[in-house]
Amino acid sequence: MLDRAALSRDAVELAPELLGALLTHSTSEGDVTVRLTEVEAYRGTGEDPGSHAHRGMTPRTAVMFGEPGHLYAYFTYGMHTCVNIVCSPAGPASALLLRAGEIVDGVELARSRRPSAVSDRDLARGPARLASALGIPLAENGADLFSEPFALLASDAAPDVASGPRVGVSGAGGGAAYPWRFWIPGDPTVSVYRRHARSHD
DNA sequence: GCTGCGATTGACT
DNA sequence: GTCAATCGCAGCT
């Protein structure tokens, strides 16, 4: 199991190591475990205009500035929840957005939470889908990943890692300037995401 | 206090 | 491929 010290590092350094890690969320309905296949790194302050914490700490982003190993869950587009793991020592507000994963345990439960998923690989392919499949509500923003109902297990074998531009980050934070998206090449649960639906060339 | 927009998804043409 | 849904936050008046 990863410990908190292992997460107390810069998001960009840590991201490749979290690929392949297993994240479990337990509820009264049962457990769901995902193997992380795609993440994005965000640095909260200064240099990273794509980060929610770019303009400094707000009530919303306070969790990102706190202790590593906590969950930063946020609500967006009026209907979706996305989940981050806070990393780095307190201060820089680095975080890793969990973009996609493969359900390795609790597939039936995950499928019941995501009735619109056509195939199993769609269950956690996408940040909001992953949060939904794991059953993580917005209310668990700030929760500690190193205590119930969460568990985080490092990958036993380091997978191949690819990196590239982040997805869905508009404006100066997007594009090749910040190639902080990391994924496991060839994994079917990692999609080539379309550009942001509202963006425009 | 008011307005615009977002680290997206799912439905429809 | 294109587009609406939907609401909290951040920034401005």
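Amide H contacts of residue A:143 (H built 1.01 Å from N, in plane; Pro and chain starts excluded): A:71 sit under 5 Å, all sequence-distant by 5 or more or on other chains.
Dividing the summed helix terms, -39500 (n - 2.57) for each DSSP H run of n ≥ 4, by the number of residues in chain A produces a 222 nm estimate of -3500 deg cm²/dmol to the nearest 500. What's the center-to-center distance, using Cα atoms, between the stretch A:137-156 and the stretch A:73-132 in Å? Cα centroid to Cα centroid, the span is 12 Å. For chain A, the extents of the C-alpha atoms along the principal axes are 42, 38, 36 Å, listed from largest to smallest. Within the stretch A:1-109, the trypsin sites (Lys or Arg not before Pro) that combine a DSSP coil assignment with at most 15 other C-beta atoms in a 10 angstrom radius are A:55, A:60. Annotation: extensible slack from residue A:77 through residue A:90 equals 1.9 nm (criterion: 0.36 nm per residue apart, minus Cα-Cα distance). A DSSP coil position with no more than 11 other Cβ atoms inside 10 Å describes the following chymotrypsin sites (Phe, Trp or Tyr not before Pro) in the stretch A:1-90: A:77. Between A:167, A:104, A:32, the Gaussian network model of chain A with springs among Cα atoms under 10 angstrom shows the greatest mean-square fluctuation at A:104. Using equal-weight Cα scatterers in the Debye expression, the normalised intensity of the stretch A:113-155 in log10 at q = 0.23, 0.30, 0.31 Å⁻¹ is -0.87, -1.06, -1.08. Only Cα sites of the stretch A:9-111 enter the Debye sum here, all with the same form factor; the resulting log10 I(q)/I(0) across q = 0.12, 0.19 1/Å is -0.41, -0.95, listed in q order.
Here the spin labels are modelled as points 7 Å beyond Cα on the Cα-Cβ line, and at residue A:139 and residue A:160 they lie 4.3 nm apart. The simple Förster model, with R0 at 22 Å and r as the Cβ-Cβ distance, assigns residue A:4 and residue A:153 a FRET efficiency of 0.95.
Relative contact order of chain A: 27 percent, from C-alpha pairs under 8 Å at least 6 residues apart in sequence.
Only Cα sites of the stretch A:11-55 enter the Debye sum here, all with the same form factor; the resulting log10 I(q)/I(0) across q = 0.14, 0.17, 0.25 1/Å is -0.50, -0.64, -0.84, listed in q order. Can you compute the FRET efficiency between residue A:28 and residue A:58 using 1/(1 + (r/R0)^6), with r the Cβ-Cβ distance and R0 = 30 Å? Round to the nearest 0.05. That gives a FRET efficiency of 0.35.
Charging the Cβ of each Asp and Glu at -1 and of each Lys and Arg at +1, and nothing else, the dipole of the stretch A:4-183 about its Cα centre rounds to 560 debye.
Since every read-out is calculated from the coordinates, none of them should be taken as a lab result. Please read these numbers as outputs of a predicted model, since none were measured by experiment. In this analysis, Cβ positions are derived from the backbone assuming ideal geometry, glycine residues included, and neighbour counts consider all displayed protein chains.
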